[in-house]
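**Student:** What follows is a structure written as structure tokens; I'll ask about it next.
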Amino acid sequence: GGTPLLRLNWERTPALWVKNETGNPTWSFKDRFNAVSISMARHFGMKQVVATTTGNHGMSAAAYAANAGLGSAIYPHPQAPA
């Protein structure tokens, strides 16, 4: 991750640092997982990836797969928000 590391200046937690995940390509912390998993799928010669999702994971997986030249089949949970 190249996302920024920010120090929070709260009285009760003087040394608290957080990562700003909105710096990721799809604005999701799921990008960290998908960057690795899609890279490994490509490394092992996979042509397509499959994911189940309730939202951000599927969107991130599809974006990383497309960027890697792989197909994707994303299956959202029936109760996932549109």
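The values are calculated or read from the model by the stated rules, or taken from the named source; none is laboratory data. The structure displayed is predicted, hence computed values, not measured ones. Note: ideal-geometry Cβ built from the backbone for every residue, glycine included; neighbour counts use all protein chains shown. Side chains included, ligands, DNA and RNA excluded: accessible areas come from the protein's heavy atoms. Shrake-Rupley method; radii C 1.70, N 1.55, O 1.52, S 1.80 Å.
**Student:** Return the pair list, or none, for Cβ contacts closer than 9 Å from residues in the stretch 32-44 that are modelled with pLDDT of 95 or more to residues that are open to solvent by 90 Å² or more (accessible area, probe 1.4 Å) and part of a helix (DSSP H, G or I), at least 6 apart or on different chains.
**Tutor:** Here the result reads ILE38/ASN67, each pair linking the stretch 32-44 to a residue that is open to solvent by 90 Å² or more (accessible area, probe 1.4 Å) and part of a helix (DSSP H, G or I).
**Student:** If you scan the stretch 62-82, which residues turn out to be closer than 25 Å to THR3 by Cα and either surrounded by fewer than 15 Cβ atoms within 10 Å (Cβ to Cβ) or touching a Ser or Thr at 6+ places or on another chain (Cβ under 6 Å) (or both)?
**Tutor:** ALA62, ALA63, ALA65, ALA66, ASN67, GLY69
**Student:** Right, here's the next one. When HIS57 is evaluated against the numbered criteria (1) in contact with a Lys or Arg (Cβ under 8 Å, 6 or more places away or on another chain); (2) open to solvent by 70 Å² or more (accessible area, probe 1.4 Å), which criterion, by number, is the only one it fails?
**Tutor:** Condition not satisfied by HIS57: (2).
**Student:** Being modelled with pLDDT of 90 or more and open to solvent by 40 Å² or more (accessible area, probe 1.4 Å) is the requirement here; does THR52 meet it? Please lay out each step first, then the result.
**Tutor:** On the way: modelled with pLDDT of 90 or more: yes; open to solvent by 40 Å² or more (accessible area, probe 1.4 Å): yes.
The answer is yes for THR52.
**Student:** Among the residues of the stretch 21-39, write down those that are open to solvent by less than 50 Å² (accessible area, probe 1.4 Å) and outside any helix (DSSP H, G or I). Working first, answer last.
**Tutor:** Just the residues of the stretch 21-39 that are open to solvent by less than 50 Å² (accessible area, probe 1.4 Å), to begin with: 21, 24, 26, 28, 31, 34-35, 37-38.
Correct list: ASN24, THR26, SER28.
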